[in-house]
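Report on the structure given below.
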């Protein structure tokens with residue numbers, strides 16, 4: 001027999017506050033599990049239905065005001081998120097149901113607040129303080145509670161056995177199903193959930209959709225329906241104002257140090273790192289100067305943050321004196337295991353500095369520093385592409401694999417790519433050398449090796465038909481040249497540097 | 001003044017010691033004629049090598065490719081990085097793969113100016129994660145070269161600077177200076193300055 005009960009939800013600290021509580025991914029989730037268990041294994045007995053006690057109690061609250069955007073200062077989604085934060089004082093498991101409802105799992109909080117009535121009173125007082133109209137209902141399943149709340153019925157059903165009875169009187173509109181389905185049901189003369197429940201399942205499934213049957217099962221606790229818990233977005237954000245305006249970058253760097261220190265502390269406490277930061281510099285008149293920086297890998301080390309920020313600031317020309325600044329982190333991400341620097345917070349130094357050289361000690365740090373100063377596009381890697389056309393046989397890569405790599409195995413002489421050697425330098429565009437072989441030889445070239453015929457690429461319109469040679473110049477330089485087969489012209493394509 | 005005092009002076013440099021026991025590891029050039037002429041028998045690491053070029057295409061990069069492949073084949077696990085700064089053309093991946101360079105550990109840097117290039121080279125050399133840093137420059141002053149040398153010593157990397165031949169008569173802090181010119185038929189290689197060795201032309205055939 002499969003194990004029953006529900007898996008406890010692990011709050012995902014790092015998920016960006018999701019706006020919709022409907023679960024799209026597997027975990028983390030609150031899994032409601034209350035399907036009647038059928039006992040088997042005793043053949044002489046008729047199958048007995050054991051109804052488990054509800055393990056969950058959901059409090060659903062619908063805010064009709066949120067449907068009227070003109071009455072709101074902020075968009076409904078962000079208002080809901082703020083309400084979620086407020087609701088988290090009652091239970092850690094709060095889920096958003098767009099567009100205007102919240103679902104609170106309150107089973108675990110009843111004991112804390114003394115009784116269900118006391119808990120209800122506390123929650124309702126919270127909505128009252130916000131002067132928001134709220135319709136609330138409580139039921140063992142989230143969907144049933146939501147339907148009750150949408151119908152404006154302040155019901156409190158504690159036993160899942162009473163669910164069907166409690167939902168029977170609700171109008172079908174409270175399901176918020178597809179209007180076409182509701183229209184079909186109304187055409188069939190069905191206006192209440194109770195009437196719907198009396199219909200055969202196969203019929204509902206055929207006329208509406210299997211999803212409708214599933215919804216009913218979920219509402220009646222016959223089917224588990226995991227929901228995603230709301231997780232507040234965690235970011236570091238701190239500002240500081242200067243007593244006097246700062247005009248030079250050097251002082252700015254000094255003033256930034258405590259902010260970075262606090263940011264690193266904030267990240268360490270959460271065992272998390274960031275991959276991007278934004279520094280806003282406020283001026284008296286002109287708009288805020290924003291310095292954005294991306295890091296090659298997730299980090300929480302102060303030294304790296306300082307290094308990269310310093311590099312950016314050194315390149316910055318202050319348009320006006322700075323009155324204050326704000327440091328904002330990007331979204332927090334879990335630190336990759338093993339990258340925690342036990343001594344990151346100690347030492348107090350500004351990194352290893354010797355003779356003006358900032359000694360970074362890992363490849364990501366180096367790449368970051370180079371990119372911070374030279375630009376993202378200026379630092380790249382190259383890869384080999386198996387392709388006959390020389391210009392298509394390689395490609396730049398900007399996403400570098402910066403994690404330590406171990407050589408797979410000893411390779412004696414590298415891989416054999418082609419018949420002829422390839423040059424170290426490849427020109428961006430082939431350069432026309434001569435109109436025919438005679439002219440080429442008059443220039444002093446001697447064809448040492450070749451030809452290697454390359455004829456390929458008819459499928460993408462960049463087809464080539466060339467004969468490649470290695471040509472030694474009169475005084476020793478070696479070039480990679482080719483003859484265009486249609487025009488018979490000779491081109492320089494690479495150099496054996 | 002006793003002989004011992006003179007020898008203790010940092011400015012006095014003992015040729016015998018330098019050639020007998022190189023304190024730093026060297027990477028073989030892959031050419032025995034050249035190895036024989038270099039103190040320690042190969043390219044010195046943790047120092048700056050300067051290559052003066054008449055033109056590109058003389059096999060100047062190929063001169064270092066065996067050493068670059070070797071230094072990526074360290075036995076102790078991690079593959080170190082190679083950084084090429086401001087190369088005159090695109091490094092052609094198939095050719096490098098053929099030689100055995102680990103392309104996933106090759107970084108190409110294209111700075112906007114010479115100062116940026118020097119800064120990038122200094123960063124890469126001193127970082128300690130790069131086995132070799134190759135830098136192409138049109139011209140630079142002595143002060144910057146000294147900084148590069150210090151950075152190479154700090155990071156233990158092989159630093160190679162390619163410059164046009166016209167800088168030949170300028171002083172340079174590089175511990176090894178090579179001159180590559182076009183000869184009558186073949187490339188000519190000459191050691192202009194060898195710390196702990198003897199300058200002069202080297203028999204050389206571009207492969």
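Of the beta bridges DSSP finds with both residues in segment A:37-219, what % are antiparallel, to the nearest 5?
95
Using a Förster distance of 60 Å, how high is the FRET efficiency between residue A:129 and residue B:73, based on the Cβ-Cβ distance and rounded to 0.05?
Details: r = 70 Å, r/R0 = 1.16.
With a Förster radius of 60 Å, E is 0.30.
Using Cβ counts within 10 Å as a stand-in for footprinting exposure, how do A:231, B:160 rank, fewest first? Write out the running numbers ahead of the final one.
Values: A:231 19, B:160 27.
Sorted ascending by nearby Cβ count, the order is A:231, B:160.
Would you work out the relative contact order for segment A:37-219, in percent, from Cα pairs under 8 angstrom that are 6 or more residues apart? Spell out each step's value before the answer.
Working: 260 pairs, mean separation 35.9, N = 183.
Reported as a whole number, the value is 20 percent.
Full extension from residue A:397 to residue A:244: what is 0.36 nm times the residue separation minus their Cα-Cα distance, to one decimal in nm?
Computed gain between residue A:397 and residue A:244 is 50.5 nm.
Determine, for A:325, A:98, B:180, the number of other Cβ atoms within 10 Å of each Cβ, and report the residues in order from fewest to most. If you can, show how the numbers build up before the last one.
On the way: A:325 22, A:98 13, B:180 25.
So the ranking, lowest neighbour count to highest, is A:98, A:325, B:180.
Between residue A:275 and residue A:192, how high is the FRET efficiency from 1/(1 + (r/R0)^6) when r is the Cβ-Cβ distance and R₀ = 51 Å? Nearest 0.05.
For residue A:275 and residue A:192, the calculated efficiency is 0.45.
Looking at segment B:118-190 only, what percent of DSSP beta bridges run antiparallel? Nearest 5 please.
Roughly 45 percent of the beta bridges in segment B:118-190 run antiparallel, per DSSP.
Roughly what would the spin-label model give for residue A:214 and residue A:164, points 7 Å off Cα along C-beta, in nm?
In this crude label model, residue A:214 to residue A:164 measures out at 2.3 nm.
So what is the relative contact order for chain B, in percent, with contacts set as C-alpha pairs under 8 Å and at least six apart?
Details: 398 pairs, mean separation 53.8, N = 207.
Contact order relative to length: 26 percent.
Order by neighbour count: A:458, A:177, fewest other Cβ atoms within 10 Å first, most last.
Details: A:458 10, A:177 17.
Neighbour counts put them in this order, fewest first: A:458, A:177.
Answer rounded, prolate or oblate for segment A:37-219, using the Cα gyration tensor with square roots of eigenvalues a ≥ b ≥ c: rounded when a/c is under 1.5, else prolate when a/b is larger than b/c, else oblate. Could you put the intermediate results ahead of the total?
Working: a/c = 2.43, a/b = 1.29, b/c = 1.89.
Oblate, since a/c reaches 1.5 and b/c is not below a/b.
How far is helix B:114-127 tilted, in degrees, relative to the longest principal axis of the Cα atoms in chain B, given as a value from 0 to 90 rounded to the nearest 10?
The angle comes out near 70 degrees.
Each reported figure results from applying straightforward, stated rules to the coordinates on display, with no laboratory input. Treat the numbers as computed from the prediction; the structure is a model and nothing was measured. Cβ: placed from backbone, ideal geometry, glycine included. Neighbour counts: every protein chain shown.
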